Structures are given as structure tokens and as C-alpha cells.
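Undergrad: Below you'll find the structure I mean.
The values are calculated or read from the model by the stated rules, or taken from the named source; none is laboratory data. This structure is a prediction, so every number in the text was calculated from the model and none was measured. A quick note on method: Cβ atoms are made from the backbone with ideal geometry, for glycine too, and the neighbour counts reach across all protein chains shown.
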Amino acid sequence: MVFIFFIYRSENPKRMTRTAKTDKARTDKDRAQRRRIVAILKKPLFWVSLGALLGALALNNLASAYTLRNGLLTHIPDALFEVLPFIPYAWPYDVLSLMLIGLLAWQLAKDRPEDAPVLIFAMAGMHYIRAFCIFVNPIAPPHGSPDGLFEEIASSPDMVQGSIPSGHTMSGVFIAMYLRGPARIIAWCLVVAMMALMLLARGHYTIDLVIGFILGYAAYMFCEHTLRRIKALRGAGKRDCANTTGAFKSKRRLSRS
């Protein structure tokens, strides 16, 4: 009897119709989301923001190379290094950083692709500030700091990055605060693990992580305020357009009567 019941449910026309409608709605939603993503990719503002971020990363590298070649980098003490064990691997926290970027890209593509240019501009601003900090306060990475994943790929001594603030931390905090739902919890776990691994691998001083955390939080608050203003302006524009259309239709009806 149970077998017959399941056969009836699977071949029930009403159930098949509901399933078809659900599949069609899901397909339409996916198509609409793809159109939104393509629309963002076609906008010059997206590519300008991406260029600004790449320029900021390049400026970070130039600042680090300049301070390294001119012997300006200095080391500072850190009390935590006296009690923490040393793990001579930097690639784990680089991998966690890439995972955070992947989470951000997934959430943007899934829910809010329109936010991408503002987010990228905010991240570019953080890295421009970091490049300025490297110029004015050239602190070298801690003694014994291993090469990270990107330094090993580049195989260049000029990839030795300045220390203050931590770029991994400020970007990770920024991303974790932007994400929503389960992705935010996962992101915060990744950020905490990444910061712990950076201390254990002597990738950054404790002060680097603190300043990076503060800078990432401040950048997110500015970005969130900007996004709210943009959405409010868009809503006001739609309301004005609707009011104008309604007034025009009313005038047409009055003229006909």
C-alpha cells in the first residue's frame, strides 16, 4: 500500500503541475539573477573599481619594495611571541584569506551583485591607506616570518610586505561584517583562525592585527552607510518616476474627458 501511495503521489497531475511551476519559478529567478550580474559586469564603474583595487595592491608592493631596498624597515618587539609556539608556514592563512574572498564573491553573485563596485572601492581605499602606512611607518615583518603563498609564487624578494596594518585582517573583517546568514558565521571563524595562524607563523605583530581590525571595521561602516544612501536615492528616484507617470496618465484621462 505504501508503494502504491508513493506511485500515486509521483504521478499525481496536481503535484506534477506544482513541481513544474516551482521549477519554472526557480529557472526564472536564476535567469533574472544572471541578467543582474551581466548588467553589473557591463557597467564601467565596476571595472574602474577593480582597477582602483589592483592599483592599490600594486602601490602596496611598491611601498614595500622601496622601504626594503633603502634599508628603512625596522623590527619591533612583541610580548606574545615570547609565549606562543612558532609554526614556520604562512600558506595556511593565505588559503583562509582566499576562502574569505570566495565567500564574498558567492554572496555577491547570489544576492547583491549591485553592491560589488562600492565594496571593491572600499577595499581599494583600505589598501591605499595601508600603502601610505608602509611609507610613513616602515615596520618590517617579524624575525623568522616565512614566505607566504603569494611570495612563493612570485619568487621575488621585493614581495616582502610591510607590516602595519595587516592586510589579511582588515580585508577579512570587512568581508565578515558584510556577509549575511551562515556565511557570516563561517567568515568570522575563518578570520579568527587566520589571525591566530598569523601570530603563530610570525606573519604579523599583534599591533598589526589590532590596527587591521579597526581599519576593516571602519571601512565597512563607511561602505554600509554609502550603500544605504544609494538604495535610498534609488527608491526616491523610482517613487518620483511613478508619481510622474501617474500624473501624466491623469492628465491624459482629463483631456480625453
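Undergrad: Could you run through segment 85-98 and say how many residues are out of contact with any helix residue (DSSP H, G or I) (no Cβ under 6 Å at 6 or more places or on another chain) and of a type in the set (A, V, I, L, M, F, W, C)?
TA: Residues in segment 85-98 being out of contact with any helix residue (DSSP H, G or I) (no Cβ under 6 Å at 6 or more places or on another chain) and of a type in the set (A, V, I, L, M, F, W, C): 4 in total.
Undergrad: From the list 50, 73, 59, 45, exactly one residue is surrounded by 16 or more Cβ atoms within 10 Å (Cβ to Cβ), modelled with pLDDT of 80 or more, under 27 Å from residue 124 (Cβ atoms) and in contact with a helix residue (DSSP H, G or I) (Cβ under 7 Å, 6 or more places away or on another chain). Which is it?
TA: 59
Undergrad: Would you please name the residue that is nearest to the chain's Cα centre (by Cα), looking only at residues in segment 162-187 that are surrounded by fewer than 16 Cβ atoms within 10 Å (Cβ to Cβ) and in contact (Cβ under 8 Å) with a residue 12 or more places away in the chain?
TA: Once the filter is applied, the top-ranked residue is 180.
Undergrad: Which members of segment 93-123 meet the condition of being over 11 Å from the mean Cα position of the chain (by Cα), surrounded by fewer than 20 Cβ atoms within 10 Å (Cβ to Cβ) and hydrophobic (A, V, I, L, M, F, W, C)?
TA: Residues satisfying the conditions are 95, 109.
Undergrad: Now for a separate question. Among the candidates 104, 80, which residue alone is at pLDDT 90 or above and part of a helix (DSSP H, G or I)?
TA: None of the others qualify; the one that does is 104.
Undergrad: Further, regarding this structure: Pick from 233, 197: which is in contact (Cβ under 8 Å) with a residue 40 or more places away in the chain and either assigned by TED's automatic domain parsing to the domain that holds residue 141 or of a type in the set (Lys, Arg) (or both)?
TA: After ruling out the rest, the residue left standing is 197.
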